[in-house]
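A short write-up of the structure that comes next.
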Amino acid sequence: MVALLFISLVFFFFIGVPIAMALGLSSALVAGIGGLAPLQLVPQQMFNAINSFPLMAIPFFILAGYLMQTGGISQRLVNFASSLVGHITGGLAMVVIITSMFFAAISGSGAATTAAIGSILIPAMIAKGYHVNFASANQAVSGALGVVIPPSIPLILYGIAAKQSVGDMFIAGIIPGIVITCSLLISAYFVSKRKGYLGVEKASIKDTAKSFNSAILSLLMPIIVLGGIYGGIFTPTEAAVVAVVYSFIVGVFIYREIKWKEIPKIFKESAVTTSIVMVIISTAGLLSFVLNRLRIPSLVSEVFLDFTTNIYVFIIIVNVFLLVVGMFMEAAAAILIFVPILLPIATSLGMDPIHFGIIVVVNLAIGLITPPVGINLFVATQISKIKIEQITKAIIPFVAILFVDVLIISLIPFFSTWLPSIM
């Protein structure tokens, strides 16, 4: 039955069946043929997988992201970041990274961050003499911050899969997100210095203050969300609703960038994105049910612990495994399938579940910029009108930097556990 499960799963992936459908079909096939459960339990298990109050945060954060993306947030954040670092060597490349960090704290999505910021800054970088491949790769990798910096949908999913506080996962993602941002800024500076990419004219203090004042309402949203959670004012799910109300008021009544006729389209796009995520969650939940019936998690744990009990060997193996998984599988499905298998091993070796969750999410974030799935690459190439082969070559140095970040975050738990421990 185990062989049938994985062979059928690989077969469905190979013939191009969407990942959610592949997970569901393979699980139902094994459940039916193997007699693991009556087939009427298949829809029941799929429903149980999404019948969770914390999961309600996902559609609301998705909707908030679309509202902020349409509501004029992107350009204001770009202007503010440009006033801060635009004059430095490689300034526009740095503006991309810093703006993506700000927008990531609003949208929670790598693809949304890449699209919203890239549509403005990729053409701007090209116009300033940056090579199109570098501009596209820089935006794609910066967009990956969307799944690390809170609020983040993968952090929510890990909290649910691992039975950990979503609020703790949010706060744990802050320092690793800053570490990755700083490494990308350093890289952008040295690459730009070597290639002669100069900065723009330095903004005056008055212009900086003006751009900050324009962007302040955008910058306040993550502070309100995280502050409200840790101030005990609302839960993460309620925080998502607050984010929707806040972004709606800002976009419609204050910035006045969202027209009333655009609201149905925003709701439609949010509903489509939410449905895709929820179908993946439901079929991944069914697969987890089948794996548990086959005792796969306990068997994997026994085999692994017989192989080694060294925590550092485990960390290296898990990192390599997750990096490969991220190349072929959506982060949502990977978290819901593999966390229940790997987390018991990690905790038995003394790892903090919060730290392990950040390792998982950061590894899967790299999957956003690595073929063949690499959704950020496809979004960036659509904007810059280049081939996927061109951006893939340009992305290699960035991937190498992220590998180093993964090792630092994996081997130094302080970055992930310090803030949750003092809150």
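The values are calculated or read from the model by the stated rules, or taken from the named source; none is laboratory data. Please read these numbers as outputs of a predicted model, since none were measured by experiment. FYI the Cβ positions are ideal-geometry reconstructions off the backbone, even for glycines, and counts take in every protein chain you see. In case anyone asks, the SASA skips ligands and DNA or RNA and just uses the protein heavy atoms, side chains included. Shrake-Rupley method; radii C 1.70, N 1.55, O 1.52, S 1.80 Å.
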Expressed per residue, the solvent accessible area of segment 146-238 in Å² (1.4 Å probe) is about 45 Å²
With Ser214 itself left out, Lys, Arg at +1 and Asp, Glu at -1 over residues whose Cβ is under 11 Å from its Cβ give +1
Residue-normalised value, i.e. accessible area per residue, for segment 32-123 at 1.4 Å probe, in Å², stands at 32 Å²
GNM on the chain, Cα springs under 10 Å; top mean-square fluctuation among Val300, Val362, Val244 goes to Val300
If every Lys and Arg gets +1 and every Asp and Glu gets -1 at its Cβ, then about the Cα centre the chain yields a dipole, in debye to the nearest 20, of 1060 debye
Taking 280-292, 393-405 and ranking on average Cβ neighbours within 10 Å, highest first, one gets 280-292, 393-405
In whole Å, largest first, the alpha carbons of segment 168-269 cover along the principal axes 47, 36, 31
With all protein chains in place and a 1.4 Å probe, Met1 shows an accessible area in Å² (nearest 10) of 90 Å²
In segment 172-272, the trypsin sites (Lys or Arg not before Pro) that sit in a DSSP loop and have at most 11 other Cβ atoms within 10 Å of their own Cβ are Arg256, Lys259
Using alpha-carbon coordinates alone, the radius of gyration and Dmax of segment 277-359 in Å work out to 12.9, 37
The long-range amide H neighbours of Gln164, using H built 1.01 Å from N in the peptide plane and a cut-off of under 5 Å, are none
Note to self: C-alpha centroids of segment 340-358 and segment 145-208 sit apart, in Å, by 24 Å
Counting Lys and Arg as +1 and Asp and Glu as -1 over every other residue whose Cβ sits under 15 Å from the Cβ of Ile120, the net charge comes to +1
GNM on the chain, Cα springs under 10 Å; top mean-square fluctuation among Phe61, Phe11, Phe47 goes to Phe11
Expressed as a percent, the accessible surface of the chain that is carbon or sulfur, using a 1.4 Å probe and the full set of protein chains, is 70 percent
Highest GNM mean-square fluctuation among Ser187, Ser136, Ser82, for the chain with Cα springs under 10 Å, belongs to Ser187
With -39,500 (n - 2.57) per DSSP H segment of 4 or more residues and division by the full residue count of the chain, the 222 nm estimate, nearest 500 deg cm²/dmol, is -25500 deg cm²/dmol
Amide H contacts under 5 Å for Leu198, restricted to residues at least 5 apart in sequence or on another chain and with H modeled in the peptide plane, are Gly90
Magnitude of the Cβ-charge dipole (Lys and Arg +1, Asp and Glu -1) of segment 145-268 about the Cα centre, nearest 20 debye, reported as 500 debye
Rounded to whole Å², per residue accessible area for segment 318-362 with a 1.4 Å probe reads 29 Å²
